[in-house]
Amino acid sequence: MAPGSRSGGALLLLLLLPLPLLVLPAAGGGCAAEGGPLEPFDALYASGVEAYYGGDFAGAARCLERALRSRRELRAARLRCRRLCRAQVRLAAPGPGPGGDLPFLGSVLRRAECVRRCEEPSLGAVSRHRAAEEVRADFQRRVPYSYLQRAYIQLNKLEEAANAAHTFFMANPEHMEIQQDLENYKTMSGKVSLVDLEARQHMEDYSAGVRHYDKEEYELAIEFLERALEGYYSEDEDCQIMCEGPQRFEEHEYLDYKAGLYEAIADHYMQVLACKHDCVRELATRSGRISPIENFLPLHYDYLQFAYYRVGDYVKALECAKSYLLFHPDDEDVLENAGYYEGLLEGAVDPATIKPRKVRRGWLMSLGFRQSRLSLSSLFPQNYWNRYGARQDEHSVPSSISNEPEDGPRLSLTKKPMPKPDRELKEGGPLLYSDVKFVYNSQQLNGTQRVLLDNVISEEQCRELHRVATGIMLAGDGYRGKTSPHTPNERFEGATVLKALKYGYEGRVPLKSARLFYDISEKARRIVQSYFLLNSTLYFSYTHLVCRTALSGQQERRNDLSHPIHADNCLLDPEANECWKEPPAYTFRDYSALLYMNADFEGGEFIFTEMDAKTVTASIKPKCGRMISFSSGGENPHGVKAVTKGQRCAVALWFTLDPLYRELERIQADEVIAMLDQEHLGPSEMNINPKDEL
């Protein structure tokens, strides 16, 4: 860097790095009168929740409505200012030699100053609107609408309650109880159609276009699909612009972050690129879903090319076919279609003059272009324009009119069949221990690779294990420190085997009691391996003693689950009837088990569902010594109903057949046990070796 540029670089660094979070309370407590700079949505949200639990439902509704409106206005203001400053301040190209980077750095600073001057009159200081991650997650999951629908029902605003409940449900399809609430609202308000207040218009138009296409209403399909395309590109541009601001650095703690100027600039723009890349996924994902609609953007052109053909507009049909081929140039079906359309136009229009629509290259490749230029395979791990969502062979346009089916080809949107397991599934092996009682098998539990057992541990062992839990559990342990990771209405506490043994060795809990945790988990592993007739060793992947406690004052009219419906080694996508075996899922897990310690609580039933995450196939009431075990894949979606009173405790166990994914803490625990045995500090009174094989 040229001499004299250090101060400018330091200022640039400050602008690029994220500022510390600052959450300000709403002025004057509660919802202050409107006026002046935009109130932070997180402060309004906090006031709304406080008013709700204080019984002020009118105040809660007012604050929550304003919080939702404030968040929308915040995004609109930022978009407006960034667009304006993009046009007013162009980024200069860096020049060669010493000081050549100064024009670029100067233009970045001028644009940042332009944005600041534009935003401050309406928003106030930037730090006022930096909400905590938990708050942003609540808005992403539409939690404010859950509070709103309850407040509206107290205010006898039935139509508003119905729409708020529907909006919440669209992003939380695993909340089974709210389905009944929705039916009740429909009946009470006489309202049949419900409004998703957070619906994305481009997604609504796309769905409408597909529905009209399926009904062979091709002119209407074209109208909605063209509108969906226009909306998609507009939303994508907005998303790209919103990425061009201060970034929350992945993998870095702000206070510990140390980097030179150029490292910080590189980190910043890597995050910007990652953010822009993820716009593709975000815009193709329906609310409440994990995975995007496969091949989403190219499918618009695929539908359109055939719809235009059916209404006789062969020029548009060819244009859309060529547009689709920009994404998938080797698609034989569309190549054949394009040739067919060219034949229809022969003599009337020169097909070479019909060009594909202009599509930015980032949309075309989304992965390959950036990887080839920047080697960012780890930053951009997925190509969103894969071929899984493409047409099937029978949907190509026929090569001649004479052999065209009367009703024409159609796109197949049928759900994929369940993937075949990668190993032979067996069950019914010996339980190894004479005191263990068989209860139900897979058939009786309406599923695959499931078993329910009783008396795996005794009442005395349950009590002893619960005493250990009381002495070693930490709130948020196993949940990245989050005390309420799945629902704000319960507190989660947990502990690992290694922690129990360390506490026992240090004398903080009885050593024999601490070892009991280790021994019963090993007993459970042996039973699971034997019952499912596994031909290879089953290893621990993770072992966790966990208790969830109902929080007093937060149980009235609960409509959530203690643990939402999920699968243990894949990402459940109920709408697609799929379970995607990809990160961040623990794809290496093969079997799961839950060993319950008590029954003195209300709610908390373990449930299996179909892949729709709604249809319950089995419900199990926990009690001391009861264990449910099952294979960890998409064949076994499961969850936990709300714990509405008391504390529910269990030992949660996940197993793998791959030794590379053995639980590291378990290996350390094995070493502690070996050391204890050498020192003759004694095992627990429980013998984990089978007494007599059944």
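The values are calculated or read from the model by the stated rules, or taken from the named source; none is laboratory data. The structure presented is a predicted model; accordingly, all values stated were derived computationally and were not measured. All Cβ positions, glycine included, derive from the backbone under ideal geometry; neighbour counts span all protein chains shown. These area figures cover heavy atoms from the full protein model, side chains too; ligands, DNA and RNA do not enter into them. Shrake-Rupley method; radii C 1.70, N 1.55, O 1.52, S 1.80 Å.
Every residue, every condition in (1) open to solvent by 20 Å² or more (accessible area, probe 1.4 Å); (2) closer than 15 Å to Phe630 by Cβ, yes or no:
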| site | (1), (2) |
| --- | --- |
| Leu561 | no, no |
| Asn569 | no, yes |
| Asn577 | yes, no |
| Trp580 | yes, no |
| Thr587 | yes, no |
| Phe601 | no, no |
| Phe606 | no, yes |
| Met611 | no, yes |
| Lys614 | yes, no |
(message) Looking at (1) in a helix (DSSP H, G or I); (2) at pLDDT below 90; (3) over 33 Å from the mean Cα position of the chain (by Cα), which one does Leu91 not meet, given that it meets all the others?
(response) (1)
(request) Answer yes or no: is there a residue in the stretch 325-337 that is more than 28 Å from Arg281 (Cα to Cα), open to solvent by 10 Å² or more (accessible area, probe 1.4 Å) and modelled with pLDDT of 50 or more. (result) yes
(message) Can you pull out every residue in the stretch 108-136 that is under 24 Å from the mean Cα position of the chain (by Cα) and open to solvent by 40 Å² or more (accessible area, probe 1.4 Å)?
(response) Glu133, Glu134, Arg136
(message) Among the residues of the stretch 427-434, are any open to solvent by 60 Å² or more (accessible area, probe 1.4 Å), assigned to a loop (DSSP other than H, G, I, E, B), modelled with pLDDT under 95 and closer than 29 Å to Phe517 by Cβ?
(response) yes
(request) Go through the residues of the stretch 140-149 one by one and say whether even a single one is open to solvent by 40 Å² or more (accessible area, probe 1.4 Å) and either farther than 23 Å from Arg78 by Cβ or in a helix (DSSP H, G or I) (or both). (result) yes
(request) Write out, first by first residue and then by second, each pair whose Cβ atoms fall under 7 Å of each other, whose residues are 6+ apart or on separate chains, and whose first residue, in the stretch 508-532, is assigned to a helix (DSSP H, G or I) while the second is among the aromatic types (Phe, Trp, Tyr) and open to solvent by 10 Å² or more (accessible area, probe 1.4 Å). (result) Leu511/Tyr505; Ala514/Tyr503; Arg525/Phe540
(message) Conditions first: (1) more than 25 Å from Gln140 (Cβ to Cβ); (2) modelled with pLDDT under 85; (3) surrounded by 15 or more Cβ atoms within 10 Å (Cβ to Cβ). Glu226 passes all but one, so which condition is the exception?
(response) (2)
(message) I'd like the residue in the stretch 179-223 that is aliphatic (A, V, I, L, M) and not in a helix (DSSP H, G or I) and, out of all such residues, is modelled with the lowest pLDDT.
(response) Val192
(request) Output the number of the condition that Gly481 fails; it satisfies all remaining conditions of (1) modelled with pLDDT under 50; (2) more than 30 Å from Gly553 (Cβ to Cβ). (result) (2)
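For (1) surrounded by 15 or more Cβ atoms within 10 Å (Cβ to Cβ); (2) at pLDDT 90 or above; (3) more than 30 Å from Leu109 (Cα to Cα), each residue gets a yes or a no:
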| residue | (1), (2), (3) |
| --- | --- |
| Pro18 | yes, no, no |
| Gly29 | no, no, yes |
| Ala32 | yes, no, yes |
| Gly36 | no, no, no |
| Glu39 | yes, yes, no |
| Asp42 | yes, yes, no |
| Tyr52 | yes, yes, yes |
| Arg62 | yes, yes, yes |
(request) Could you run through the stretch 506-533 and say how many residues are open to solvent by less than 20 Å² (accessible area, probe 1.4 Å), within 16 Å of Gln461 (Cβ to Cβ), at pLDDT 90 or above and not basic (Lys, Arg)? (result) 7
(request) Tell me which of these Lys157 doesn't satisfy, since it passes every other one: (1) open to solvent by less than 40 Å² (accessible area, probe 1.4 Å); (2) at pLDDT 85 or above. (result) (1)
(message) Show me the strands (runs of 3 or more DSSP E) entirely contained within the stretch 553-654 in which 1 or more residues are touching a helix residue (DSSP H, G or I) at 6+ places or on another chain (Cβ under 8 Å), touching a residue at least 24 places away in the same chain (Cβ under 8 Å) and assigned by the TED database to the domain that holds Asn489.
(response) 561-566, 591-596, 616-620, 627-631
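Per-residue answers, yes or no, for (1) within 21 Å of Val456 (Cβ to Cβ); (2) open to solvent by 40 Å² or more (accessible area, probe 1.4 Å):
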{"site": "Gly625", "(1), (2)": "yes, no"}
{"site": "Ser629", "(1), (2)": "yes, no"}
{"site": "Asn636", "(1), (2)": "yes, no"}
{"site": "Gly639", "(1), (2)": "no, no"}
{"site": "Val643", "(1), (2)": "no, no"}
{"site": "Cys649", "(1), (2)": "yes, no"}
{"site": "Trp654", "(1), (2)": "yes, yes"}
{"site": "Glu663", "(1), (2)": "yes, no"}
(request) Mind counting the residues in the stretch 76-107 that are surrounded by 14 or more Cβ atoms within 10 Å (Cβ to Cβ) and closer than 30 Å to Ala51 by Cα? (result) 2
